[in-house]
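Visitor: First, the structure itself, so that you have it in front of you.
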Amino acid sequence: MNKSKELGDFQTPKELAQLVIEILRKKDFIPDVIIEPTCGKGSILLEAEKYFKNSNILGIEIQRVYVDFLFPLIGQNTNIVNADFFNSIDFIKNFIDNNENLLFIGNPPWVTNSELSSINGANLPKKSNIDDLRGIEAITGKSNFDICESIIMQLISEFSDRQSVFAFLCKTAVARKIMQRLWKKDFKYKNAELYPVDSQKYFSAAVDSCFFILDCTEKKSVTTLKIFNSIEEQKFIIESGFINGIYITDVSKKDSLELYGKSIFTWHNGIKHDSAKILELKNDNGILKNGKGEIVDVENEFLFPLLKSSDIANNNFEIEREILVTQKYIGESTDYIKNKFPKTWSYLENNEPHFCKRKSVIYKNKPRFAIFSVGDYTFKPYKIAISGLYRNLNFVLIEPKNGKPVMLDDTCNYISFDDIESAKFVFTLLQSDVVKEYLSARISFDSKRPITTEILNSINLEKVAQLKDKANDFSSLFKIYISPSLFTESELKVV
Ligand SMILES: C[S@@+](CC[C@H](N)C(=O)[O-])C[C@H]1O[C@@H](n2cnc3c(N)ncnc32)[C@H](O)[C@@H]1O
């Protein structure tokens, strides 16, 4: 087990700690008590101490060496304890006592519960499923959360009824998730702000991060999050928010929510298999090679052309890879391959250890060579795809290659069609300015995977057709009637 990774041990550089305090200093708030739940070597705690001279400060840190390091450096109003935050809530409550003005500040570990389980880590809250997610969501990873997220959420739920400010460095996705969770609960607060932090510069980490402030010193019915350009410049850019239960990244584009609805075609992700080395084969002048560099000789039946996210984003339709698709639908037994397609079977069997090593629980108790995100839709000839990973809104229309439908990897989103006419028509709608406007209003481009099937499935294509004077073509092509937008003009207002 990698202890440092489990504890998300990236100490905040002094320069960044100073910026954090500089932003808080501009607020009209002097806390009675400051809590740093994971204080490490104390760079944020010591900066806070310098400015908030009369506040009582408590720092908690799980690693003894850091507590020993920090102890000689703290002033008389500061206390530090060597403890696990997840066992310290009662201690924090006692420390706070009846004080009303509270500042919670710090940089909790940026590590997810699934990363922890992959390193057999134990740094977890007692009640780890903070969204009460069950069944399939828990299995497919929707319940995946940052330890940082659970620390901040726990503090908010315990202390936000007082005059409190929560100010944390965290992944940008965590700050957004926390806000969405609070909005759904009709949480009352005064103000929320997000300042992007260059994590490459300060932590040598390739992740989108920010300084997130939630000010609960007043309880108001606001549903917005102010986004600034950077922690250094602190220039306001846009407001994200929650309108009629829908998250919108840029509330100034709220009119585009007239497209919000339900797509008549279902967007899917490409095939998920976690076995790229074995199932994805490179075509080297007609010779297929797997990720181990071995020549692969299998029947043609299961081989399909493959495009990856990078191909879709860069309009590269040269097929360089093929994929071995072992199932036609989820759960299909793979045993029949043995008699009908012996070369494919022996290739799969020879590589069985690789399939057994797949970590995700989705493969548990499933056929040996199981894959996911397959169904009728996978084998339809025409597809419209967009990469989930890239920030450009590039839809592509994909036609079959050598008589076979093209497959996509699991980071792509797509819809599929039986005929080219329908595919071309929908493709034109998706490329329209109104769709671009809607997507750019709704997508959080700072997420690791900004473009999701959830957002794509919320595009009301009938409405797009209507706005583009193609309503009649739409009805005659798809034999359905145009339904009105879900919201009236007056409902699309920000509170
Ligand atoms: C990202 S570092 C930041 C440290 C410090 N807040 C700063 O800004 O420099 C996270 C710190 O959290 C500590 N930590 C991790 N899990 C903890 C837990 N369950 N309770 C208390 N501290 C913890 C780690 O040892 C590490 O020092």
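The values are calculated or read from the model by the stated rules, or taken from the named source; none is laboratory data. Keep in mind that what you see is a predicted model, and the values were worked out from it rather than measured. Every residue, glycine as well, gets a Cβ built from its backbone with ideal geometry; the counts of neighbours run over all protein chains shown.
Visitor: Restricting to region 195-248, give me the number of residues that are within 23 Å of R162 (Cβ to Cβ) and either in a loop (DSSP other than H, G, I, E, B) or aliphatic (A, V, I, L, M) (or both).
Guide: Selection size over region 195-248: 6.
Visitor: Considering region 452-483 alone, what residues qualify as being touching a strand residue (DSSP E or B) at 6+ places or on another chain (Cβ under 6 Å) and either at pLDDT below 95 or part of a loop (DSSP other than H, G, I, E, B) (or both)?
Guide: S458 - this is the single residue of region 452-483 that is touching a strand residue (DSSP E or B) at 6+ places or on another chain (Cβ under 6 Å) and either at pLDDT below 95 or part of a loop (DSSP other than H, G, I, E, B) (or both).
Visitor: Within region 150-166, can you find the residues that are away from the ligand (no atom under 13 Å from the Cβ) and not hydroxyl-bearing (S, T, Y)?
Guide: The answer is M153, I156, E158, F159, D161, R162, Q163, V165, F166.
Visitor: Hey, another quick one. Of all residues being under 12 Å from V111 (Cα atoms) and within 6 Å of the ligand (Cβ to nearest atom) in region 1-20, which is modelled with the highest pLDDT? Just the residue, please.
Guide: Restricting to residues being under 12 Å from V111 (Cα atoms) and within 6 Å of the ligand (Cβ to nearest atom), the top hit is F10.
Visitor: If you scan region 284-299, which residues turn out to be out of contact with any strand residue (DSSP E or B) (no Cβ under 6 Å at 6 or more places or on another chain) and surrounded by 14 or more Cβ atoms within 10 Å (Cβ to Cβ)?
Guide: G291, E294, V298, E299
Visitor: Is it fair to say E22 is acidic (D, E), surrounded by fewer than 19 Cβ atoms within 10 Å (Cβ to Cβ) and in a helix (DSSP H, G or I)?
Guide: yes
Visitor: How many residues are within 26 Å of the chain's Cα centre (by Cα) and either modelled with pLDDT under 95 or part of a loop (DSSP other than H, G, I, E, B) (or both) when one looks only at region 385-406?
Guide: Residues meeting the conditions: 8.
Visitor: Among the residues of region 27-66, write down those that are among the hydrophobic types (A, V, I, L, M, F, W, C), within 33 Å of the chain's Cα centre (by Cα) and outside any strand (DSSP E or B).
Guide: Listed by number, the residues that qualify are F29, C39, I44, L45, L46, A48, I62.
Visitor: Select, from A138, A173, the only residue that is surrounded by 15 or more Cβ atoms within 10 Å (Cβ to Cβ), modelled with pLDDT under 65 and assigned to a helix (DSSP H, G or I). Talk me through it step by step, then tell me what you get.
Guide: Details: A173 fails: modelled with pLDDT under 65.
Testing whether each residue is surrounded by 15 or more Cβ atoms within 10 Å (Cβ to Cβ), modelled with pLDDT under 65 and assigned to a helix (DSSP H, G or I) leaves just A138.
Visitor: Could you please let me know if K359 is in the same structural domain as H273 (by TED's automatic domain parsing) and within 16 Å of I323 (Cβ to Cβ)?
Guide: Spelling it out, it is not the case that K359 is in the same structural domain as H273 (by TED's automatic domain parsing) and within 16 Å of I323 (Cβ to Cβ).
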